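Each value in this text was obtained by applying a stated rule to the coordinates, not by laboratory testing. As the structure is a computational prediction, the values presented were derived from the model and not from experiment. Here the Cβ is made from the backbone with ideal geometry for all residues, glycine too, and neighbour counts use every protein chain on show.
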Amino acid sequence: MRKLAALVLAVLMFIPAPAAMAEVTQAQLAEARAQARAKSAELEGRLADLEGALYQEWLYQDRIESLRTQIADRGRRLALAGFAAREQAVDLYVNFGSNRARGLDPEAVGRAGTRDAYMRTLVAAERDAVNELAYLREDATRLEAELEALLTEQGSENQELQRQVDLLMGELGDANAAYQALYDQWWAEEQARIRAREAAARAAAAAAAAAAAAASGYATSEGTPAAGRTCPVAGPHTFRDSWLEPRPGGRRHHGVDMVAAIGTPLVAIENGVVYGTGWHYLGGINLYLRGDSGDVYYYAHMSGFAGGISDGVRVNKGQTVGFVGDTGNASVPHLHLGYQPGGGPLTNPYQLMVKLCR
């Protein structure tokens, strides 16, 4: 029943779908939420009734199980009582004369007296056994009648309970279908708006990149030779030119993001020395590689370093230095590669990665 309650509170978001396919406004969505709250309050009382009905069903089931246990117990006791009565009768018959008759005064009790005493004892024992059997049979019959009546009553209650559940779920289904029609239209429109904003942002970033490229001789790695270098991602990957695109906090993107499966090996672009291994709140697990050419490469968001990699270690081109991860400020596993030709200003590495990786 808790799941049904959650459904009432969480799924109840509806409003009649508009007749025309006009753009859905925030006002319409706000009205839908208000109507949902009203509908939730309306159904709350009925939900409480259902909770009570389910609690009663639990009581029924508990009592039914108790009755079945008692009936089974009466059956066992009936069997044991019948067996005990037979055993007692046989014992009296076999042993009365030999064991108990020795305790009688021969002068006071003759043969007829002994027989009468035996019969009185036997009758008393049989009467107790019969009374026990009769009680158990009557009690078992009473319990079975109570169980039958309870099962009949439970069946009627279950029918009413199912009717209430069907009614409530029908209203929920109708309300949700109406809301989803409106929400789906709004979501499609919202996606179109998002795409438009992203296109505008890309256009602005491209303009900024073009302006930066015009102002700096280090804005592109187009002139960097591929000789003596290799692709830093040793596995399937993808990347695009995102140089100077905006990032949260008013920052700009100064590198290329090479997306790959987490754990993909990352290798040294060229022969050189590793330094600056560590952690950064934005770059996560990261390191720097100063190549023999004098160029510096920055590897960020790694899941970890390869064995033996630490500051001052010399590596060869293609040697594994770490693995793709999503540490730091990363939403998907990727290598953020920064590039500083000759150790100077950060430069767009995209053109160099195209040469090395495609």
Return the sequence-ordered ³J(HN,Hα) values of region 255-268 in whole Hz as given by the Karplus equation 6.51 cos²θ - 1.76 cosθ + 1.60 applied to θ = phi - 60°, using x for Gly and Pro.
-> x, 10, 9, 10, 7, 8, 5, 4, x, 4, x, 10, 10, 5
Residues with amide H under 5 Å of ILE285's amide H, sequence separation 5 or more or different chain, H placed in the peptide plane at 1.01 Å from N; which?
-> HIS280, HIS301, MET302, THR327, GLY328
Per-pair calculated FRET efficiency, R0 = 25 Å: ARG240 and ASP326 via Cβ, rounded to 0.05 = 0.90
Using only Cα atoms, locate the centre of region 337-352 and the centre of region 300-323, then give the distance between them in Å, rounded to an integer.
-> 19
Net charge near LYS355: determine it from the other residues with C-beta under 10 Å of the C-beta of LYS355, scoring Lys and Arg +1 and Asp and Glu -1.
-> +1
For region 130-206, the dipole about the Cα centre with charges only on Cβ (Lys and Arg +1, Asp and Glu -1), to the nearest 20 debye, works out at 1060
Gain in span if fully extended, GLU23 to VAL165, counting 0.36 nm per residue against the direct Cα distance | 47.5 nm
What net charge do the residues around ASN329 carry, taking every other residue with its C-beta under 13 Å from that of ASN329, with Lys and Arg at +1 and Asp and Glu at -1?
-> 0
Taking R0 as 45 Å, what's the FRET efficiency between TYR275 and GLU31 from their Cβ-Cβ distance, rounded to 0.05?
-> 0.15
